[in-house]
Amino acid sequence: MYKYLFAILFSVFGTAALAQVSSIPRTSLPKPLPADSLSYLNPKDYIIGGITVSGIKYLDKDNLILLSKLTKGDRINLPGERNAEVIKTLYSQGLFDDVQLNITKIDADTVFLDIAVVERPRLSRMHITGIRKGEIEDVTKKLGDRAGNIVNENLLRTTSAIIKKHFNEKGFLNTTVTMKQRKDPAEANNVILDVAIDKKTKVKIKQVTFEGNTAFSQKKLKSFLSKTREKKWYNLFGSKKFKQDKYDEDKQNLVEKMQAKGYRDAEIVADTVTKNDDATVNVKVKVYEGPKYYFGKIKWSGNAKYATDILEKILHIKKGDVFSEDELNKRLVGPTPNNDDVSSYYLNDGYLTYTADPVQTRVYGDTVDLDIRIYEGPQYTINRVTLKGNDVTNDKVVLREIQTKPGQKFNKALLISSAREIGQLGNFDEQKTEPKPVNINPQDGTVDLVYNVVEKPSDQIELSGGFGGGQLVGTLGLTFNNFSLRNIFNLKAYKPLPKGDGQKLSLRGQSSGRTYQNFSFTFSEPWLGGKKPIYFALSAYTQGSSTGQYYPTSSPYYNKLRINGIGVTLGKRLKWPDNYFQLNYSLNFDHYNLDHYTGYLFENGTSFNIKLTQELSRNSIDAPIFPTQGSNIKFTVQATPPYSAFNHINYKIASPEQRYHFVEYYKFKYDAQWFSKLVGKFVLMSQVRFGFLGMYNKEVGPSPFERFKLGGDGMQSYQFLQGSEIIGLRGYQNFSVVPDGSNYNQNTNPGSTIYNKYTLELRHPVIASQSATIFLLAFAEGGNVWNNFNQFDPFNVRRSVGMGARIFLPIFGLLGLDYGYGFDKIPGAPDANKGQFHFTISQSLSGGFN
């Protein structure tokens, strides 16, 4: 009996030692050896005389031998465990379907070995089904090019994981991936991987609940989860889809918000995400609030530049205030809305390496004592200022906007202001403008500054058709925002026009055939002479309009209007009260020729409008397309010479042609916008506008031109050059708002001499990138017009509400679509306020074209 048991054990262990472990599938024993060559009871040491590899088609034989750890000349004990180790090592690489270690020859004490393998198939291509074409392209990009890879468990596992993660991020938490292999008939040992994807239904959050909270309400804690929102109708902008990475961010944010309210020990004890149904999940978070803490004694050390009492005032935190590490860090290192933190005081005075370390020296009861340890370091002076990334724009155009100059002390405020000025040029992506201190040298107290910028397309083309003035109007406009006049004769610089000097050239034409034509030209130079920020602009236009009319005593006759104009502007940036102010002076000459043309205070004659305009403006917004903070304010005074004081015309008996041959008036306008950050990415835009057209002489009366027309989209395109200023009021038809007691008539409405308007607009960005900016908005606004101050009532306005969207594409400019509903009826136009769609393009603060 014992000899049979010995024989069984000998067979089992001998086979395992010489061939391979039984857990490895599809293996076989090595080639049989002569009976006198090996003894399982008496293993012998051999010298490896040589190693060969068989079955290899794609892999490198030398690398395979290296992986086996077998080396010619080494000793190996046969039969022994080394055999199984070699096979197990090679099989674990995931490259083979079968691995064998065979003995091909034994010569005395020398053995020759052969590693025989069967390679796993390689991937020819993936065939993805179950999703849309665009989604297939997205998934393919995420997977990358995997053709030629060995098809093993790792490839299948990672492919499935990448696909599931891609759709999980989009809210499809139940996505399934099924993969099947089939032979590729075109390639031996290659397979096609069929990948069937089933996204299932998007998973949203049904309910979020909290446990353990007493100081914070459920509603308050939910507000701390900005990216984990319940599926409610009022959550318009927050994502209701469950995304694990966003949820993890929100949990951290939740704790930080609780701690910022004084609950220093707040933490999340546990949280669970449970399935509610196939489309929703429930989130449950258990929190520990702990006691509410307060600031105790605050001690300062290491400060030499500023005395302790000054730093205490800047810190704006005193004993007894609710303890908040977040607020403490903001007051020490910023950023704060007004840049009045301790860090700004040091960094604006050259202390580039300033640091502050608030150490909690004592915690007793509900009180925390602090020792704020200041390291001031040396004051740094700017050594060099360089620019990187401006591939099109010339260096001088950008460097002249930079306020940090070599030899000055380092100043953080000027660094930020310079980045803003670069963004205002419109040639660079303001989100990617990055000023960076480099080569900080504490030995001599110098630092270099590098402004990294990214060029963006700034030229615009306008090709559109619209309905205005009762007819179809076609428009073609070209605006070159980075023009170079000095290279106008350099043919090599045309791409398609010379670029790089920051000048602006605009060419625009409109036409509806014989009835309306308008052509305009504008050129502007922000740095006239190149040494000082003196703004210069030259503009010219010509416009013609005619309508066919029949008269009883004559044949068909065309009512005609021809307007020609030219203007020049000079402006200068002011350094007082601050660097945001600009003062511009403009001189314009307009020539009107009316031939039986209605809509003004006279129908026939020639009129000249020579006007001088002064505009004082302050623009501190942080971005030109989607501002989030700052203001844009303009005060404009416009006047003509008082001709009636010296032309000796008796206006009591003068005809309209004589009365308006030289137009006289004075005009005041006030336009202001303020931008404020609200919760999350919401931005509130508040706007106030006012205009007044006055007269020097009551016998002359108000001017027939330069009046205000209120209502509609505010597009100036069709009416602006005809002598009226168009003010938008969404929710009402174009130009439909008339003074109380008047009836609206589009053909005979000359406009009004007084207007005011108020707007509140809540904005939220959808896309903010170099290639496009899109934001949604909801608005409430009101406005009205009057013809004298006796009727003027700033609170008697025509009201409207609505919503819309803005899309900025570099080549087309700012496009807008709004729907507004007006609450107040317009006499003579019963449909003027019953809901209106408005389309706008390239509008600025004042409602006209940039």
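The values are calculated or read from the model by the stated rules, or taken from the named source; none is laboratory data. Bear in mind the structure is a predicted one, so any value in this text is a computation, not a measurement. Here Cβ is always computed from backbone atoms with ideal geometry, including for glycine, and neighbour counts include all displayed protein chains.
Can you pull out every residue in segment 641-658 that is exposed (fewer than 15 other Cβ atoms within 10 Å of the Cβ) and touching a helix residue (DSSP H, G or I) at 6+ places or on another chain (Cβ under 7 Å)?
The one that is exposed (fewer than 15 other Cβ atoms within 10 Å of the Cβ) and touching a helix residue (DSSP H, G or I) at 6+ places or on another chain (Cβ under 7 Å): 651.
Restrict the check to segment 139-147 and report whether at least one residue is out of contact with any Cys (no Cβ under 9 Å at 6 or more places or on another chain), modelled with pLDDT of 90 or more and either part of a strand (DSSP E or B) or in the same structural domain as residue 58 (by TED's automatic domain parsing) (or both).
No, segment 139-147 has no match at all.
Yes or no: segment 581-590 includes at least one residue that is loosely packed, with under 15 Cβ neighbours inside 10 Å and acidic (Asp, Glu).
No, that holds for no residue.
Out of 617, 607, 631, I need the residue that is in contact with a His (Cβ under 8 Å, 6 or more places away or on another chain) and either surrounded by 17 or more Cβ atoms within 10 Å (Cβ to Cβ) or in a strand (DSSP E or B) (or both). Which one?
The unique qualifying residue is 607.
So that you can scan it fast, the table gives a plain yes or no per residue for (1) out of contact with any strand residue (DSSP E or B) (no Cβ under 9 Å at 6 or more places or on another chain); (2) hydrophobic (A, V, I, L, M, F, W, C); (3) in contact (Cβ under 8 Å) with a residue 60 or more places away in the chain:
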| site | (1), (2), (3) |
| --- | --- |
| 755 | no, no, yes |
| 760 | no, yes, yes |
| 763 | no, no, yes |
| 773 | no, no, yes |
| 785 | no, yes, yes |
| 788 | no, no, no |
| 793 | no, no, no |
| 796 | no, no, no |
| 805 | no, yes, no |
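Which of the residues belonging to segment 157-178 are in a strand (DSSP E or B), farther than 19 Å from residue 141 by Cβ and without any contact (Cβ under 8 Å) to a residue 24 or more places away in the chain?
The answer is 178, and nothing else.
Mind counting the residues in segment 445-504 that are surrounded by fewer than 14 Cβ atoms within 10 Å (Cβ to Cβ), among the small types (Gly, Ala, Ser) and at pLDDT 80 or above?
Residues flagged as surrounded by fewer than 14 Cβ atoms within 10 Å (Cβ to Cβ), among the small types (Gly, Ala, Ser) and at pLDDT 80 or above within segment 445-504 amount to 0.
Quick check on my filter: what residues within segment 73-91 are surrounded by 15 or more Cβ atoms within 10 Å (Cβ to Cβ) and part of a strand (DSSP E or B)?
Of everything in segment 73-91, those that are surrounded by 15 or more Cβ atoms within 10 Å (Cβ to Cβ) and part of a strand (DSSP E or B) turn out to be 76, 78.
Condition (residue is in contact with an Asp or Glu (Cβ under 6 Å, 6 or more places away or on another chain), outside the structural domain of residue 418 (by TED's automatic domain parsing) and small (Gly, Ala, Ser)) applied to segment 629-643: is it met by at least one residue?
The answer is yes; a qualifying residue exists.
Give the residue that is farthest from residue 202 (Cα to Cα), with candidates limited to residues of segment 253-286 that are among the acidic types (Asp, Glu) and assigned to a strand (DSSP E or B).
The selected residue is 267.
Only one residue in 70, 64 is within 60 Å of the chain's Cα centre (by Cα), in a helix (DSSP H, G or I), aliphatic (A, V, I, L, M) and at pLDDT 80 or above, so which one is that?
Being within 60 Å of the chain's Cα centre (by Cα), in a helix (DSSP H, G or I), aliphatic (A, V, I, L, M) and at pLDDT 80 or above holds for just one of 70, 64, which is 64.
Only residues in segment 606-631 that are among the basic types (Lys, Arg) count as the first member; pair them with residues that are assigned to a loop (DSSP other than H, G, I, E, B), Cβ under 7 angstrom, at least 6 apart or cross-chain, and list the lot.
Hits for this filter: 611/640; 618/580.
Within segment 666-681, identify whether any single residue is of a type in the set (A, V, I, L, M, F, W, C), surrounded by fewer than 18 Cβ atoms within 10 Å (Cβ to Cβ) and not in a strand (DSSP E or B), and answer yes or no.
For segment 666-681, residues of a type in the set (A, V, I, L, M, F, W, C), surrounded by fewer than 18 Cβ atoms within 10 Å (Cβ to Cβ) and not in a strand (DSSP E or B): present.
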